[in-house]
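The values are calculated or read from the model by the stated rules, or taken from the named source; none is laboratory data. Keep in mind the model is a prediction, meaning the values are calculated, not measured. Neighbour counts are summed over all protein chains in view; Cβ atoms, including those assigned to glycine, are modelled from backbone coordinates with ideal geometry.
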């Protein structure tokens, strides 16, 4: 609870994944991928209830080990075409109790921490917002991006007025990073979206914004987690 408002966290985790099979239970730096998100949620100061929605008994058993409620998702809500909206609606309607806000925490964002969750909730309150969505800065300026013709000719790939500009002289752009979505439950059920008129962005560093979709993403997450452990050890020793 934060300033009298209650928060329901939903962690949706399908059993299957085409690009990276069984990714939600793959061992990431010593524990299943989904464990990183469950632990971040449990360490939040403001979340009132945490549920894991899944069609997989293996995933639900992991939730049970953490003493987190599991919701068995029907097959039709665990396909590639099932939308996040219907999955969240199913979770909201199948739990006991009423909450003011739903907090979507996708397990594919293992570097998102409880600090990020709590800061996003604090931003929601500060802005008196209906929704908050996490973003990060894009990896490169959008002016450096374009489509390519079939012959791969790059003659008009970058506009002439951009060619001689440094990246730091171009505008900053932000993208969704998939880590945190918060919305008023009443507004979400009515509007079926997090993108409301009174929505605000919570900006996260790119380092914490890895969204695991394939093996390369998984390896990058493992690298940053491992590196963080070594950095924490180094700085703790250097302060002695």
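Taken together, the residues in the stretch 1-38 that are touching a residue at least 12 places away in the same chain (Cβ under 8 Å), surrounded by 15 or more Cβ atoms within 10 Å (Cβ to Cβ) and at negative phi amount to 25.
Pairs linking a residue in the stretch 141-166 that is free of Cβ contacts under 8 Å to residues at least 12 places away in the same chain to a residue that is surrounded by 10 or more Cβ atoms within 10 Å (Cβ to Cβ), with Cβ atoms under 7 Å and 6 or more positions apart or on different chains, are 157/146. Condition check for residue 45 on (1) more than 21 Å from residue 117 (Cβ to Cβ); (2) assigned to a loop (DSSP other than H, G, I, E, B); (3) in contact with a helix residue (DSSP H, G or I) (Cβ under 8 Å, 6 or more places away or on another chain): one failure, at (1). Within the stretch 75-95, the residues that satisfy the criterion of being assigned to a loop (DSSP other than H, G, I, E, B) and in contact with a strand residue (DSSP E or B) (Cβ under 9 Å, 6 or more places away or on another chain) are 78, 94, 95. Residues that are surrounded by fewer than 21 Cβ atoms within 10 Å (Cβ to Cβ), more than 18 Å from the chain's Cα centre (by Cα) and touching a residue at least 40 places away in the same chain (Cβ under 8 Å) do not occur anywhere in the stretch 59-66.
Residues of the stretch 122-137 that are out of contact with any helix residue (DSSP H, G or I) (no Cβ under 8 Å at 6 or more places or on another chain), under 13 Å from residue 201 (Cβ atoms) and assigned to a loop (DSSP other than H, G, I, E, B): 127 alone. Can you tell me which residue in the stretch 199-209 is surrounded by the fewest Cβ atoms within 10 Å (Cβ to Cβ), limited to those that are modelled with pLDDT under 95 and in contact with a helix residue (DSSP H, G or I) (Cβ under 9 Å, 6 or more places away or on another chain)? Among those residues, the one meeting the criterion is 207. Once the stretch 70-99 is narrowed to residues that are surrounded by fewer than 16 Cβ atoms within 10 Å (Cβ to Cβ) and touching a helix residue (DSSP H, G or I) at 6+ places or on another chain (Cβ under 7 Å), the residue that is farthest from residue 6 (Cα to Cα) is 72.
Based on what the data block shows, is residue 103 in contact (Cβ under 8 Å) with a residue 60 or more places away in the chain, touching a helix residue (DSSP H, G or I) at 6+ places or on another chain (Cβ under 6 Å) and surrounded by 18 or more Cβ atoms within 10 Å (Cβ to Cβ)? Here the answer is no, as residue 103 does not meet what is asked. With respect to the conditions (1) in a loop (DSSP other than H, G, I, E, B); (2) in contact with a helix residue (DSSP H, G or I) (Cβ under 6 Å, 6 or more places away or on another chain), residue 154 lacks only one, and its number is (2).
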